[in-house]
Amino acid sequence: MNAPLTTVIPPPAPVLLPIEGETEFFPVRRVYCVGRNYADHAIEMGHDPTREPPFFFQKNPDNLLVCRDFPYPALSSDVHHEVELVVALRSGGTNIPVEQALDCVYGYGVGIDFTRRDLQGEAKKLGRPWEIGKAFDHSAPISALIPATHVGHPDKGGIWLMRNGEAAQRGDLSQMIWKVPEIIAELSKLFTLAPGDIIMTGTPAGVGPVARGDRISCAIDGVANLVLNVV
């Protein structure tokens with residue numbers, strides 16, 4: 001009989017997301033993000049909103065922040081909010097056909113892709129990766145997941161964010177340039193998707209800075225909502 005495996009340091013704790021109305025949790029494997037997936041946001045960031053091939057970057061699973069306030073990060077004075085529909089996968093594969101992509105979805109939530117815009121801008125100018133602007137600690141607050149068996153597969157409906165009670169971002173899921181099945185299909189050409197993968201699907205226009213003391217509330221209408229303070 002093989003001896004049990006041992007490690008030289010304690011293994012990291014798994015990242016587990018709560019599921020609305022359930023006692024079980026959703027274990028996270030990877031976090032993928034889609035860039036510039038709403039035309040109005042592409043325009044406000046100075047890019048062409050035509051349907052160019054989607055591009056992807058990653059956050060780390062332990063960047064996800066669940067049911068906690070958002071600590072303003074170090075080394076930045078320009079942190080922006082970006083509200084997004086979150087997709088959680090129950091299965092995966094490579095080269096997944098668009099027609100079968102939604103079969104891979106476990107459920108949905110709402111999240112915020114907080115971005116150190118000043119550090120991201122510096123990286124862009126130098127032609128460097130964006131990780132210092134995107135994949136910092138606590139950069140992805142996320143709601144509890146809602147199973148697709150409860151809400152279906154939303155392809156329209158309001159997505160919005162309010163800062164201190166004032167509207168900042170408002171759009172509709174129908175405005176996504178690349179829809180959820182297409183995102184899954186395109187992503188699976190580049191990576192082998194698997195159960196536990198999370199996809200953040202892009203943000204509508206209205207991104208802007210936050211400051212300590214701000215109260216942030218956001219939602220996907222009929223799906224999920226999230227409220228937090230910037231501390």
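For a quick protection proxy, order the peptides 61-68, 146-153, 219-226 by their average other-Cβ count within 10 Å, most packed first.
219-226, 61-68, 146-153
Given R₀ = 35 Å, FRET efficiency for Thr23-Asn229 by Cβ-Cβ distance, to 0.05?
My answer for the efficiency is 0.80.
Where nothing but the Cβ of Lys and Arg (+1) and of Asp and Glu (-1) is charged, how large is the charge dipole of region 130-231 around its Cα centre, in debye to the nearest 20? If you can, show how the numbers build up before the last one.
On the way: 8 positive and 10 negative charges, 35 e Å.
About 160 debye.
Name the residues whose placed amide hydrogens come within less than 5 Å of the amide hydrogen of Arg29, ignoring near sequence neighbours (fewer than 5 apart) on the same chain.
Under 5 Å from the amide H of Arg29: Asp197, Ile198.
Express in nm, to one decimal, how much length is gained between His150 and Ala167 on full extension, taking 0.36 nm for each residue of separation and deducting their alpha carbon distance. It would help to have the intermediate numbers written out before the result.
Details: separation 17, 0.36 × 17 = 6.12 nm, distance 2.80 nm.
The His150-Ala167 span can extend by a further 3.3 nm.
Can you give the net charge of the other residues whose Cβ lies under 13 Å from the Cβ of Ile146, counting K and R as +1 and D and E as -1?
That works out to -3.
With every protein chain kept in place and ligands, DNA and RNA left out, what is the accessible area per residue of region 1-132? Probe 1.4 Å, answer in Å².
Normalised by residue count, the accessible surface of region 1-132 is 57 Å².
Would you tally the net charge around Phe136, using a Cβ to Cβ cut-off of less than 10 Å, leaving Phe136 out, and scoring K and R as +1, D and E as -1? Walk me through the numbers on the way to the answer.
Working: positive: Lys59, Arg116, Lys134; negative: Glu131, Asp137.
That works out to +1.
Once both labels are modelled 7 Å past Cα along the beta-carbon direction, what's the Ala194-Ile132 spacing in nm?
3.1
Karplus couplings for region 144-158 from phi (6.51 cos²θ - 1.76 cosθ + 1.60, θ = phi - 60°), rounded to Hz, Gly and Pro as x?
For region 144-158, the Karplus-derived couplings read 4, 7, 10, x, 4, 5, 9, 10, x, 10, x, 10, 8, x, x Hz, x marking Gly and Pro.
Under unit Cβ charges (Lys, Arg +1; Asp, Glu -1), what dipole magnitude, rounded to 20 debye, does the chain have relative to its Cα centre?
Working: 20 positive and 27 negative charges, 89 e Å.
Approximately 420 debye in magnitude.
What is the calculated FRET efficiency for Glu52 to Ile9, with r their C-beta to C-beta distance and R₀ = 41 Å, to the nearest 0.05?
The pair Glu52/Ile9 has a calculated efficiency of 0.40.
Over its Cα atoms, what ratio of radius of gyration to 2.2 N^0.38 Å does the chain give?
Cα Rg divided by the expected 2.2 N^0.38 Å: 1.00.
Spelling out what I want: for every residue of region 218-231, take phi, set θ = phi - 60°, compute 6.51 cos²θ - 1.76 cosθ + 1.60 (Karplus), and round to whole Hz; glycine and proline get x.
Rounded to whole hertz, the list is 8, 6, 10, 4, x, 10, 7, 9, 8, 10, 7, 10, 8, 10.
Of Phe70, Gly127, Asn60, which is farthest along the charge dipole of region 56-141 in the positive direction, counting Lys and Arg as +1 and Asp and Glu as -1 at C-beta?
Gly127
With runs of 4+ DSSP H residues as the only contributors, calculate the mean residue ellipticity of the chain at 222 nm using -39,500 (n - 2.57) per run, divided by the residue total and rounded to the nearest 500.
-4000 deg cm²/dmol, from helical runs alone.
Using a 1.4 Å probe over the heavy atoms of the protein chains, calculate the carbon and sulfur portion of the accessible area of region 101-231 as a whole percent.
Of the solvent-accessible surface of region 101-231, carbon and sulfur hold 53 percent.
What is the dipole size for region 128-186, taken about its Cα centre, with +1 at each Lys and Arg Cβ and -1 at each Asp and Glu Cβ, in debye to the nearest 20? Don't jump to the answer; show the numbers that get you there.
Values: 6 positive and 7 negative charges, 25 e Å.
My answer is approximately 120 debye.
In region 173-231, with Lys and Arg counted as +1 and Asp and Glu as -1 at Cβ, which of these residues, Pro209, Met176, Leu187, has the Cα nearest the positive end of the dipole, that is, farthest along it?
Pro209
The values are calculated or read from the model by the stated rules, or taken from the named source; none is laboratory data. Bear in mind that the values here come from a model prediction, so they are computed numbers and not experimental data. Ideal geometry is used to build each Cβ from the backbone, glycine not excepted, and the neighbour counts take in all protein chains shown. Note: accessible area is taken over every heavy atom of the protein model, side chains too, but ligands, DNA and RNA are not part of it. Shrake-Rupley method; radii C 1.70, N 1.55, O 1.52, S 1.80 Å.
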